[in-house]
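The values are calculated or read from the model by the stated rules, or taken from the named source; none is laboratory data. What you are looking at is a predicted structure, and each value in this text was computed from that prediction instead of being measured. Every residue, glycine as well, gets a Cβ built from its backbone with ideal geometry; the counts of neighbours run over all protein chains shown. Note: accessible area is taken over every heavy atom of the protein model, side chains too, but ligands, DNA and RNA are not part of it. Shrake-Rupley method; radii C 1.70, N 1.55, O 1.52, S 1.80 Å.
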Amino acid sequence: MDRAALEREAKNFGIQLKKTQLEAFALFEKKLYEANKVMNLTRVPQEECWKRHILDSLCISPLISKNAHVLDIGSGGGLPGVALAIARDDLYVTCLDSSNKSVGFLSQIFGVRGSLPVLFAVILGRAEEVAHDARYREKYDIVTGRALAPLALQAELSAGFVKVGGVFLPMRTPREIQDAKNLQAQKLGMTLTDLKSISIPPLNAVRLIPVYKKQGRTPAEFPRAWAKIKTSPLGTVSAMETEEG
């Protein structure tokens, strides 16, 4: 891992990485690629992990308040959840994934009894089911996810976890800006309050982070069963509707 580059670039996001944190990231990378040999967690070459996985994950850090309870949905190998937990020891980060293998990997290495116990919790389950569990519903200050699903689907899967007053921060791309504006977030109790474009120079790329504030409780029927979400997405307001109204 290019520790010097990661340390330098993380400063652009207001993160001053200590030696112990850089060592933790090196261990994260090592364990991720060891597991990847049998679990297919990533297709990114290991030499690019520091920028394409870790740095990309850290770009949302400036939008996360101190001491926040954060939920990463569809965490896979721990991105962005584990990366945020390593870089921000003030956060309480929970990773949720439906894969037994992924959850086993995360728990064994980064869970409370793991060799690098940076995560607050690891949950095995499907988001559309776990979101109806009273232990997790509307309990998190921040809910995020990276490459989880199309925006409308990700929003429905995520909204039920966000506490009233909390924020949904999906990690998207600039080409989705109109989708972000037109998403019918109000049906889920959320309102779009900002659109952040975050530059990541080593990737020559920009992340679009729509900021959806949770204004009211998510109706009990959301999220719906996955088959319903997938075949009949909550959708967006059409361009014609936007122009007319």
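Tabulated values for the structure
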quantity: Filter result for Ser102 (open to solvent by 20 Å² or more (accessible area, probe 1.4 Å), among the hydroxyl-bearing types (Ser, Thr, Tyr) and not in a strand (DSSP E or B)); calculated: no
quantity: Within the stretch 194-213, considering residues that are surrounded by 18 or more Cβ atoms within 10 Å (Cβ to Cβ) and either without any contact (Cβ under 8 Å) to a residue 60 or more places away in the chain or acidic (Asp, Glu) (or both), the one farthest from Arg172 (Cα to Cα); calculated: Tyr212
quantity: Extreme residue, surrounded by the fewest Cβ atoms within 10 Å (Cβ to Cβ), among residues of the stretch 38-92 that are in contact with a Phe, Trp or Tyr (Cβ under 6 Å, 6 or more places away or on another chain) and under 22 Å from Val164 (Cα atoms); calculated: Pro62
quantity: Residue match in the stretch 78-92 (condition: more than 16 Å from the chain's Cα centre (by Cα) and within 17 Å of Ile198 (Cα to Cα)); calculated: no
quantity: Wholly within the stretch 1-98, helices (runs of 4 or more DSSP H) carrying at least 3 residues that are touching a Gly at 6+ places or on another chain (Cβ under 9 Å) and among the aliphatic types (A, V, I, L, M); calculated: 19-39
quantity: Qualifying residue in the stretch 18-33 (condition: open to solvent by 20 Å² or more (accessible area, probe 1.4 Å), under 23 Å from Ile123 (Cα atoms) and in contact (Cβ under 8 Å) with a residue 60 or more places away in the chain); calculated: yes
quantity: The stretch 156-170, subset among the β-branched types (Val, Ile, Thr) and over 24 Å from His53 (Cα atoms), residue most open to solvent (accessible area, probe 1.4 Å); calculated: Val164
quantity: Residues located in the stretch 98-129, provided they are in contact (Cβ under 8 Å) with a residue 12 or more places away in the chain, over 30 Å from Pro219 (Cα atoms) and not hydroxyl-bearing (Ser, Thr, Tyr); calculated: Lys101, Phe105, Leu106, Ile109, Phe110, Leu116, Val118
quantity: Which listed residue is open to solvent by less than 50 Å² (accessible area, probe 1.4 Å), touching a residue at least 12 places away in the same chain (Cβ under 8 Å) and more than 23 Å from Tyr92 (Cβ to Cβ), from Thr173, Thr191, Thr144; calculated: Thr173
quantity: Residue list for the stretch 125-141, restricted to those being of a type in the set (A, V, I, L, M) and either surrounded by fewer than 19 Cβ atoms within 10 Å (Cβ to Cβ) or touching a Cys at 6+ places or on another chain (Cβ under 8 Å) (or both); calculated: Ala134
quantity: Selection within the stretch 184-202 - of a type in the set (A, V, I, L, M) and closer than 12 Å to Cys59 by Cα; calculated: Ile198, Ile200
quantity: Test for Leu153: is it surrounded by 15 or more Cβ atoms within 10 Å (Cβ to Cβ), out of contact with any strand residue (DSSP E or B) (no Cβ under 8 Å at 6 or more places or on another chain) and over 15 Å from Ala220 (Cα atoms); calculated: yes
quantity: Positions within the stretch 98-136 being more than 20 Å from Phe161 (Cα to Cα) and β-branched (Val, Ile, Thr), in sequence order; calculated: Ile109, Val112, Val118
